[in-house]
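Enquirer: Sharing a structure below in structure tokens format, with a few things to ask.
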Amino acid sequence: MKFHAEFDIKKIDEPIHHRHKIMLIGSCFTEKIGEKLSNSGFSVLQNPNGILFNPVSVAEAIINIIQHKIYTTSDLFCFNETWHSWQFHSRYSGITPEDAVQKINTSIQTGHTFLKHADYLIITLGSAWVYTLTEQAANGKPGTVAANNHKAPAGWFQKKLMDTTQIITVLGTMLDRLGIFNPNIKIIFTISPVRHLREGAVNNNRSKAALISAVHYLTEQLPKLYYFPAYELVIDDLRDYRFYAEDLVHPNHTATEYVWAKLMNACMDADTIALIHKIDEINIARRHTPFNPSSVQHQAFLKKYAALTQSLLNEFPFLPLAETLQYFQQGSKN
């Protein structure tokens, strides 16, 4: 008896390996996958602008990183005694404008350097709904798209739904710039399975449909683009509220693990997956809390995983496991 309808996923032409540098940008689901990649030993940079949902903000963020845009305090606005940027998530806001600008420009610098040499860019689009600034918005140009509303008054924004053609134009322009900046980069598009129910169920589906249509058009027209069906895996394969968090909006841990397993199978080869499992074993061992740290049994445990970590570093010296090796070695000496 089958309880869910699995479907085949087209494999990527060039699989991801641990030597590759991977940048991720987009919705909160981006950070779930980014965390899995980072914990699995990949070189990863996540969301240099913070979480972004709509195609305009994603495209603008990438172009600003390519151009190495420098922000000044005049680009910011003050709201609720905090300084913000309309292009950045509130994690880059500051108590002083100088603090905010410093965080923003440092992130752009890091993103510019990383993106120039990245092998893959994973873009996760969350919503085709955009919120444009009105004349009431503090230090905002009317008609421009806000990447984050920073909990500002509703009168500062006007909501509209992008159509497929608009999304294709915005993303296509960004991809052209990206191809010139880093000719070797490969792009993986996904649509976030997070449901934007604040727009209503019908409008959420209209939004996702526009995103899916636009991305599929681009992947069919341009080389080095790949579509991974994260949205379809949660909505059409798992298709059950038990795979959502209590808010019935965000996929839960089980759903994320399922999508991650499918991503590995579609975008990585057997050797890379085997290496991930070894790193996972080491990470689990490091999180282990012993009842008696000085016991013979625990000391043997530490020496075992110190040897395993050292073996991996000998074979793959680029893996970020030096701190983990030190942890096992120091513990076994105590």
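Enquirer: When we measure straight from the Cα of LYS303, which lysines land under 28 angstrom away, once same-chain ones fewer than 8 places off are left out?
Expert: Once the sequence-local lysines are set aside, what remains near LYS303 is LYS36, LYS278, LYS333.
Enquirer: Towards the positive end of the charge dipole of the chain, with charges on Cβ (+1 Lys, Arg; -1 Asp, Glu), say which of PHE7, PRO229, HIS17 has the farthest Cα.
Expert: HIS17
Enquirer: In addition: Please list, or write none, the lysines whose alpha carbon is within less than 18 Å of the alpha carbon of LYS208, excluding same-chain residues fewer than 8 places away.
Expert: LYS159, LYS160
Enquirer: Expressed as a rounded percentage, what relative contact order does the chain have, with Cα pairs under 8 Å and six or more residues apart? The partial results should precede the final answer.
Expert: On the way: 518 pairs, mean separation 64.3, N = 334.
Worked out over the chain, it gives 19 percent.
Enquirer: Right, another one. Using only Cα atoms and rounding to the nearest 10 degrees, what angle (0 to 90) does helix 322-333 make with the longest principal axis of the chain?
Expert: That works out to roughly 30 degrees.
Enquirer: Helix 270-287 sits at what angle to the longest principal axis of the chain, using alpha carbons and giving 0 to 90 degrees rounded to 10?
Expert: 80 degrees
Enquirer: Could you point to the label whose value was computed as mean projected area of the Cα convex hull in nm² for the structure here, given (i) 22.3; (ii) 17.4; (iii) 20.4?
Expert: The calculated read-out lines up with (iii).
Enquirer: Which of ASN283, PHE316, SER332 sits farthest toward the positive end of the charge dipole of region 279-333, with +1 on the Cβ of Lys and Arg and -1 on the Cβ of Asp and Glu?
Expert: Sorting the options by dipole projection puts first SER332.
Enquirer: Roughly how many Å is it from the Cα centre of region 51-96 to that of region 285-334, as a whole number?
Expert: Between the Cα centre of region 51-96 and that of region 285-334, the gap is 41 Å.
Enquirer: So if a site counts as exposed when it's one of the GluC sites (Glu not before Pro), its DSSP state isn't H, G, I, E or B, and it has at most 10 other Cβ atoms within 10 Å, what's the longest stretch of the chain without one?
Expert: Maximal segment without exposed cleavage sites: 136-245.
Enquirer: Please state the relative contact order of region 23-93 as a whole percent: Cα pairs under 8 Å, 6+ residues apart?
Expert: Reported as a whole number, the value is 29 percent.
Enquirer: Still on this structure, I have one more. From the square roots a ≥ b ≥ c of the eigenvalues of the alpha-carbon gyration tensor of region 279-333, which class results: rounded (a/c under 1.5), prolate (a/b over b/c), or oblate?
Expert: prolate
Enquirer: Quick one: net charge of TYR226's neighbours, Cβ under 11 Å, K/R +1, D/E -1?
Expert: Once all neighbours under 11 Å are counted, the net charge is +2.
Enquirer: Between 0 and 90 degrees, rounded to the nearest ten: what's the tilt of helix 97-117 against the longest Cα principal axis of the chain?
Expert: 70 degrees
Enquirer: Cα gyration tensor of region 129-188, axes a ≥ b ≥ c as square roots of the eigenvalues: rounded (a/c below 1.5), prolate (a/b > b/c) or oblate?
Expert: It comes out prolate by the Cα gyration axes.
Enquirer: Moving on. Distance between the C-alpha centers of region 223-247 and region 109-132? Whole Å please.
Expert: 20 Å
Enquirer: Given charges of +1 on the Cβ of Lys and Arg and -1 on the Cβ of Asp and Glu, with all other atoms neutral, how large is the dipole of the chain about its Cα centre, in debye to the nearest 20?
Expert: Dipole about the Cα centre, nearest 20: 300 debye.
Enquirer: Give the shape of region 230-334 as rounded, prolate or oblate, defined through the alpha-carbon gyration tensor: a ≥ b ≥ c are the square roots of its eigenvalues, a/c under 1.5 means rounded, and otherwise the shape is prolate if a/b is larger than b/c and oblate if not.
Expert: oblate
Enquirer: Taking H as built 1.01 Å from N, whose amide H comes closer than 5 Å to the amide H of ILE122, not counting residues under 5 places away?
Expert: Amide H neighbours of ILE122, under 5 Å, 5+ apart: MET23, LEU24, ILE25, ILE188.
Bear in mind these aren't lab numbers, they're just calculated from the coordinates by the rules spelled out. Given the structure is predicted, the values throughout are model-derived calculations rather than measurements. Neighbour counts are summed over all protein chains in view; Cβ atoms, including those assigned to glycine, are modelled from backbone coordinates with ideal geometry.
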